[in-house]
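The values are calculated or read from the model by the stated rules, or taken from the named source; none is laboratory data. A quick note: this is a predicted structure, and the numbers were derived from the prediction, not measured. Ideal geometry is used to build each Cβ from the backbone, glycine not excepted, and the neighbour counts take in all protein chains shown. Calculation scope for accessible area: heavy atoms of the full protein, side chains included, ligands and nucleic acids excluded. Shrake-Rupley method; radii C 1.70, N 1.55, O 1.52, S 1.80 Å.
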Amino acid sequence: MAVISSASPLSIASLFRPIRKYPTLPDLVITATSIRCLSSLSQPMDDRQQPESKKRVVVCGGGIIGVCTAYFLAKKGAAVTLVEKSSVACAASGKAGGFLALDWCDGGPVESLARASFNLHRSLSEELNGPDSYGYRPLTTLSITVTESGPSSPSGSKSSGDSTIPSWVDGATRGPRTIGTTQTTAQVHPQLFTRTLLNTAVEKYGVEVVIGKLEQLRFEEGRVGSVVLEGGRVIESDSVVLSLGPWTGKFEMLASMFRVSGLKAHSIVLEPKDPSAITPHALFLSFHLQGGKAMDPEVYPRPTGEVYICGMSAEEEVPDDPEQIVGNPASIAMLKRVGKSVSSHLREGEARVKAEQACFLPCTDDGVPIIGEVPGMKGCYVATGHSCWGILNGPAAGAAVAELVLEGRATIVDLSRFSPARFIGRRRVK
């Protein structure tokens, strides 16, 4: 039986913060029949009840990387506990765009990971009914130059007359170019994808979810033996996977080895009055403000009837609590200007603003994710630093880490170039 527990009384609903009603995609809940809620520390988890053949793995972090890792570990037979300090997909994994690309990372260190993960997304969609469960669908992706519309010239007729541009994109546009087809680009709703995967992991594979803050790891003769949470709870484990995203830098054990910084990215979610007019075209813009300054925002229509617009990023200090993250008002206002300049369907009065938000993307100093066993700490693994490609790379990263933990090596993708050992001997830059 799956278990959800916390250091204080926990309702089932509190695991997943409420998500908005959508016309086609259902809310996700973990049913009471599959859960035993523990109300306090006086009811500790008895790890000894697990069959001896099952390897006990604790995954710390309830974002896309942690959830994918927990899913594939449990599917391969491990006894998995997922520890999340706030709520599942509460940060970037719930506020990202959810854009997927097969070959956009070609020629770089992430090429094999991205390609494997794009294909795994397709397989997971077939397994989990992705189109209905979390908005998986192929997309045509366009690059377009858009000039900001002035107060006396609202959107309403596209200037280029190019048939490549979908009819709803009726602002001052030029230079459209197809940069992704339905064979090479796709999308998911990231929050729904993360929650669907965890819901399946709990109900089908027995993953336990614990709401609590990681405090420290305990080692015995150089090998990890347990996880200690704030408040004193100890979870015995054979292996631990740290998928802490931009909060990696807040965990001193890792922060002393390498730097993972947070890139704060803003986004808004709009709901047009006529969502049926918005076709599945992802837009990568060169957006020119009045006065000549250019920006590179992105626009993603979703099958939920929403349109997601993102951009306006800057490196900032990551707060301790993901619930403390708020968007910069000027950045949010700029994204609204982008929306109304792109389409008359996205202007004030024609679209309702459903969300104004920000999140932190985890970035490494060399731009390469960190995935692998931590040097000198047997049984302790890290998976973080995917920047803007976390949703894309989540499945393959999770599957590879599961193989590494349980079988000693990954076959789905070569993880050697992502190893944290590459930082050994480098001067730590703060």
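Keeping the other protein chains in place, figure out the carbon and sulfur percent of the accessible area of region 302-430, with a 1.4 Å probe.
48 percent
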Notebook entry, point to check: Can you list the residues, at least 5 places off or on another chain, whose amide H is less than 5 Å from the amide H of C380, using H built in the peptide plane?
Noted result: V224, V240, V374
Margin query: Going by average Cβ density within 10 Å per residue, which order do the peptides 131-144, 410-423 take, highest to lowest?
Written below: 131-144, 410-423
Note to self: Please list, in order along region 211-223, the HN-Hα scalar couplings obtained from phi with the Karplus expression 6.51 cos²θ - 1.76 cosθ + 1.60 (θ = phi - 60°), rounded to whole Hz, x for Gly and Pro.
What the structure shows: 8, x, 9, 5, 10, 7, 10, 10, 10, 10, 6, x, 10
Check: Accessible area per residue, 1.4 Å probe, Å², for region 205-346: what's the number?
Finding: 40 Å²
Notebook entry, point to check: Roughly how many Å is it from the Cα centre of region 311-375 to that of region 171-249, as a whole number?
Noted result: 19 Å
Item checked: Listed residue (S261, L242, L285) projecting farthest to the positive dipole end of region 213-333, Cβ model -> L285
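Tally up the carbon and sulfur contribution to the accessible surface of region 236-295 as a whole percent, 1.4 Å probe, everything protein left in place.
Its accessible area is 54 percent carbon and sulfur atoms.
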Item checked: Added length on full extension, which subtracts the Cα-Cα distance from 0.36 nm per residue, E221 to S276 -> 13.7 nm
Item checked: Hz values of 3J(HN,Hα) by residue in region 346-359 - Karplus curve (6.51, -1.76, 1.60), Gly and Pro given as x -> 10, 6, 4, x, 9, 9, 8, 7, 8, 7, 10, 8, 8, 8
